[in-house]
Amino acid sequence: MKSGISSYFDTARRNCTLCYTYRNFKPSNEQKDLALTSAKRAYEELRSAFDAMRKENASIEKLGKIKLAKGLCLDAIDACSSCDKERPRIKEILIDIK
């Protein structure tokens with residue numbers, strides 16, 4: 001599951017960068033839609049992982065890391081929804097998540 005979440009993050013960052021790069025060349029929002037969808041899928045996976053770890057009585061540190069990542073995903077989703085393509089916002093928010 002960990003590799004699936006990181007692939008969602010990689011896809012979101014890559015497509016956010018492409019959306020920003022092609023902002024003047026492509027009028028479509030194909031990359032923006034892919035970045036937003038990947039960020040939403042990553043959030044759903046993190047939410048499921050958080051619930052599973054809570055049931056298993058995982059350590060506070062692990063739960064805190066997942067909770068932080070969930071919050072960053074929500075911030076990235078909001079930033080993408082209100083993006084004016086001036087900066088690669090999802091990439092900037094999710095850059096620290098590995």
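Taken together, the values in this text are just the output of simple stated rules run on the coordinates, not laboratory data. The model shown is predicted, which means the values in this text are computed figures rather than measured ones. Note that each Cβ is placed from the backbone with ideal geometry, even for glycine, and that neighbours are counted across all protein chains shown.
Compute the whole-percent fraction of alpha carbon pairs in the chain spaced more than 24 Å apart.
Roughly 23 percent, once rounded to a whole number.
Other residues within the sphere of radius under 9 Å centred on the Cβ of residue 80, judged by their own Cβ, net out at +1 (K and R +1, D and E -1).
Order the peptides 44-53, 85-94 from the highest to the lowest mean number of other Cβ atoms within 10 Å of their residues.
Result, highest mean Cβ count within 10 Å first: 85-94, 44-53.
Net charge around residue 67, counting only other residues with Cβ within less than 12 Å of its Cβ (Lys, Arg = +1; Asp, Glu = -1)? With Lys, Arg at +1 and Asp, Glu at -1, the net is +3. Our Cα-only numbers for the range 1-48 put the radius of gyration and Dmax at 11.6, 38 Å.
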